[in-house]
1. Suppose the filter is surrounded by 17 or more Cβ atoms within 10 Å (Cβ to Cβ), more than 16 Å from the ligand (Cβ to nearest atom) and touching a residue at least 60 places away in the same chain (Cβ under 8 Å); does Tyr147 pass it?
2. Does segment 119-140 hold any residues that are within 16 Å of the ligand (Cβ to nearest atom) and hydrophobic (A, V, I, L, M, F, W, C), and which are they?
3. Given the criteria within 16 Å of the ligand (Cβ to nearest atom) and of a type in the set (S, T, N, Q), does Thr219 qualify?
4. Which pairs turn up if I take residues in segment 231-242 that are in the same structural domain as Leu103 (by TED's automatic domain parsing) and over 14 Å from Leu73 (Cα atoms) and look for partners that are within 7 Å of the ligand (Cβ to nearest atom) and assigned to a strand (DSSP E or B) with beta carbon separation below 9 Å, at least 6 apart in sequence or on another chain?
5. For segment 293-304, state whether one or more residues are among the β-branched types (Val, Ile, Thr) and either in a helix (DSSP H, G or I) or assigned by TED's automatic domain parsing to the domain that holds Leu198 (or both).
6. Can you report the number of residues in segment 310-358 which are part of a helix (DSSP H, G or I) and not basic (Lys, Arg)?
7. Would you check which residues across segment 98-150 are charged (D, E, K, R) and part of a strand (DSSP E or B) and list them?
8. Take segment 1-34 and flag every residue that is among the aromatic types (Phe, Trp, Tyr) and part of a helix (DSSP H, G or I).
Amino acid sequence: MIQPCEYVAAIKPYVPGKPLSELERELGIRDSVKLASNENPLGPSPKALEAIKKYLLGEGDLHRYPDGGGYYLKQALCGKFASRGVKISPGELILGNGSNELLDIAVRTYMGPGDEAVMARPSFVVYAMSVQSVGAKAVEIPLTADYRHDLAKMADAVTPKTKMVFVANPNNPTGTTNGKDEFESFMEKIPGGVLVVLDEAYYEYVKDAGYPDTLRYFTAGREVLVLRTFSKAYGLAGLRLGYGIAKSGIITELNKIRAPFNTGTLAQIASQAALEDEEHLSRSLAVNEEGKQYLYRELDAMGVRYVPTETNFIYLPMEIESKEVNDALLRKGVIIRPAGPKEIRVTIGLPEENRRFIDAFRQFLAEHA
Ligand SMILES: Cc1ncc(COP(=O)(O)O)c(C=O)c1O
């Protein structure tokens, strides 16, 4: 049988959170809640849905290829950033089939066999997989004792072989951030010829006043690629649209690797409408904050340790095998995510979903005691 490249064969496949219908079928249960994939529990922006309907009922050209360059969405993004005082031109933007695709495109653009990329561990698992897929090496630096990127050690790990550094800020699965001062010291140490990928998938949720304004480094002409997405706070994970911001020389190279029609028409239309839906965004953030405070209160009352989060999920380092917790919660119809041998990650849901998690978790702990 045909064999993949050795370095592809060595990749451990990504295990996505199970779809609700599959899990319910397998376990013979109903009304389960999915708190596994950090999706927006409120759903998509109504304006995005309206825009899709209008398009479909109007001149809807779904038999045509999409606008591969995403002209209107890029214009809308440039306008949105300009309104916040950040000047970005369309040539400094790239759209992706989720920000995940942009990670892959960046790796394929700048890395090959023998190259190295520095990243944190645990962090978003796709970085290491993507780097391995081109025969390059993932250099993984453990998080600090308080579960944040160890930026000083990550900078020290940069060698002449290093082509990229991945910084998930906030980090998945821990929900932690790195502040502007430590980030500034880190950037001072990164030499030219190394692309710093700033993965800000959860940017909209961050409340910490010390969170770095990474677009400052883009504006200053540094070799950074800032990634954001419509999958999380904007609630469009199913449509797949993420975007990257970098200086035009970088975007030009990335575009050589990008498939010509990588983002679909409906994803572009919906994202443009979602960008204008400030009300849905602020409601999403408010629901998340309320859910977060509820979970903190309940976990505190149960004496359960958790890592304070700047995102829409919470990381719980436990004394129990995560598989055991996961399986027990699954049987109670609550889908969470094992995030390490003894760590779980729970997405913040709607009030009722959060209550379901807390009830199931409390029951599990009582049964386990
Ligand atoms: C840190 C981080 N980066 C990137 C992504 C990818 O998001 P998407 O491809 O949906 O934009 C995720 C998704 O969970 C994530 O957690």
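The values are calculated or read from the model by the stated rules, or taken from the named source; none is laboratory data. Predicted model only: the values in this text are computed from it and were never measured. Glycine also receives a Cβ, built like all others from the backbone with ideal geometry; neighbour counts cover every protein chain displayed.
1. The answer is no for Tyr147.
2. Met119, Ala120, Phe124, Val125, Val126, Ala128, Met129, Val131, Ala138
3. Judged against the criteria, Thr219 is not a match.
4. Ser231/Gly242; Leu236/Thr229; Ala237/Thr229
5. There is no residue in segment 293-304 that is among the β-branched types (Val, Ile, Thr) and either in a helix (DSSP H, G or I) or assigned by TED's automatic domain parsing to the domain that holds Leu198 (or both).
6. Residues that pass the stated criteria total 14.
7. Glu116, Arg121, Lys137, Glu140
8. Within segment 1-34, just Tyr7 meets the criteria.
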